[in-house]
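These notes concern the structure reproduced below.
The values are calculated or read from the model by the stated rules, or taken from the named source; none is laboratory data. Computed from a predicted model, the values in this text were never measured in an experiment. No Cβ is skipped: glycine too gets one built from the backbone with ideal geometry, and neighbour counts run over all protein chains shown.
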Amino acid sequence: MKRRKAVEKTIEAALLGSALVSVLAVLFITIFLFRSGLPLFKKVNVLEFLFSTNWTPTAAHPHFGILSFIVGSFYVTGIALAIAVPVGLSVGIYLAELADRRNSRFLRSAVELLAGIPSVIYGLFGIAVISSASRFLFGGTGYSVLSAAIVLAIMTLPTIINVTEVSLRAVPRELKEASLALGSTEWQTIIKVLVPAGRSGIIAGVILGMGRAIGETIAVLMVGGNAPVMPKGLNSMVRTLTMNIITDMSYATGDHLTSLFATGIVLFAFILILNLGVQVFLKRSISQIEGAAGA
């Protein structure tokens, strides 16, 4: 018994150590990012940095304004979600409630494969297919907000599909059975009972997809045009926060380098807000499901 208890305590300590490594990694990254980026604001006003569109870091009198990159990030992400959310919800509902075993197995394999494809492959696909189609249909170079948004929508689909399916399967079956027993059709039950019951989890999945989209770099860099200008339409070139960091990091020095770390702080803040939102919605979803099960 003593030996077994010693082994259990050793395993417990190892697991705790692993958890602490994860926490420390996040802590060190946060400290490093803020220590590297905050010194910029001793020379540049925070409001000017956030709300100016003048990005000329290598000029004789440099300016560091990232508003166009913030707008570009949310512009591309918003359009991507507008495309991905209806498709992802539809596929998630189909997998959870309508698909037979053979179709569900095939579709899940396809979704898992979609989630495992490297970002650079999405970028190559975007250059070869999406940008070419955009150039043919709308003119211009084909490297645009729309092309970047379509690529991000495809990349975001697995997250939304998986979370939607899991959220719907977590809804107590008694709710579905009661709805059907009262005379509702299967489709009415899905739309008016199951989806509302699982909406917090579904919203959490959409927020997770948004976090994936806003933090993506390589694929967007390859099809977005990477122009440091304010996007004016779907066919205009765009540069996002992540694109700005990866583009300038290879040659930036001094205040220019510090400004890239400051850009990372802004991106970090956005992702942190999204993750906190996910936690809130997940807790609400769990409480709703437990309440429904108890009723």
Practice prompt. Report, ordered by the first and then the second residue, all pairs with beta carbons closer than 8 Å, sequence separation of six or more or different chains, a first member in region 84-107 that is in a helix (DSSP H, G or I), and a second member that is surrounded by 15 or more Cβ atoms within 10 Å (Cβ to Cβ) and of a type in the set (Phe, Trp, Tyr).
Written response: LEU107/TYR94
Discussion item. Residues that are modelled with pLDDT of 90 or more, surrounded by 10 or more Cβ atoms within 10 Å (Cβ to Cβ) and among the hydroxyl-bearing types (Ser, Thr, Tyr): does region 10-20 have at least one?
Written reply: no
Discussion item. Only one of LEU16, LEU38 is farther than 21 Å from LYS232 by Cβ, aliphatic (A, V, I, L, M) and under 28 Å from the mean Cα position of the chain (by Cα). Can you tell me which?
Written reply: LEU38
Discussion item. Kindly evaluate THR53 against the criterion of being part of a loop (DSSP other than H, G, I, E, B) and of a type in the set (Ser, Thr, Tyr).
Written reply: yes
Discussion item. Looking only at residues that are hydroxyl-bearing (Ser, Thr, Tyr) and at pLDDT 85 or above in region 251-295, which one is nearest to the chain's Cα centre (by Cα)?
Written reply: THR263
Item to complete: Enumerate the pairs (first residue in region 224-248 and at positive phi; second residue anywhere and charged (D, E, K, R) and crowded, with 20+ Cβ neighbours inside 10 Å) with beta-carbon separation below 8 Å, excluding pairs fewer than 6 apart on the same chain, so at least 6 apart or on different chains.
Response: GLY225/ARG239; ASN226/ARG239
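Table: residues versus (1) over 29 Å from ALA219 (Cα atoms); (2) in the same structural domain as THR189 (by TED's automatic domain parsing); (3) buried (at least 16 other Cβ atoms within 10 Å of the Cβ); (4) touching a Gly at 6+ places or on another chain (Cβ under 6 Å).
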{"position": "LEU24", "(1), (2), (3), (4)": "yes, no, no, no"}
{"position": "ALA60", "(1), (2), (3), (4)": "yes, yes, no, no"}
{"position": "GLY78", "(1), (2), (3), (4)": "no, yes, no, no"}
{"position": "LEU81", "(1), (2), (3), (4)": "no, yes, yes, no"}
{"position": "VAL87", "(1), (2), (3), (4)": "no, yes, no, no"}
{"position": "SER90", "(1), (2), (3), (4)": "no, yes, no, no"}
{"position": "ARG102", "(1), (2), (3), (4)": "yes, yes, no, no"}
Worksheet entry | Scan of region 96-112 for residues that are in contact with a helix residue (DSSP H, G or I) (Cβ under 9 Å, 6 or more places away or on another chain) and under 23 Å from VAL151 (Cα atoms), ordered by number | LEU107, ARG108, VAL111, GLU112
Fill in: Residues (surrounded by 22 or more Cβ atoms within 10 Å (Cβ to Cβ) and more than 26 Å from ILE214 (Cβ to Cβ)) located in region 155-179
VAL171
Worksheet, complete the sentence: Counting only residues that are at pLDDT below 90 and assigned to a helix (DSSP H, G or I), region 137-158 contains a total of 2
Worksheet entry | Any hit, region 64-76, residues being over 30 Å from THR258 (Cβ atoms) and in the same structural domain as PRO172 (by TED's automatic domain parsing) | no
Item to complete: Quickly run through region 215-232 and pick out the residues that are within 21 Å of LEU81 (Cβ to Cβ), surrounded by fewer than 23 Cβ atoms within 10 Å (Cβ to Cβ) and β-branched (Val, Ile, Thr).
Response: THR217, ILE218
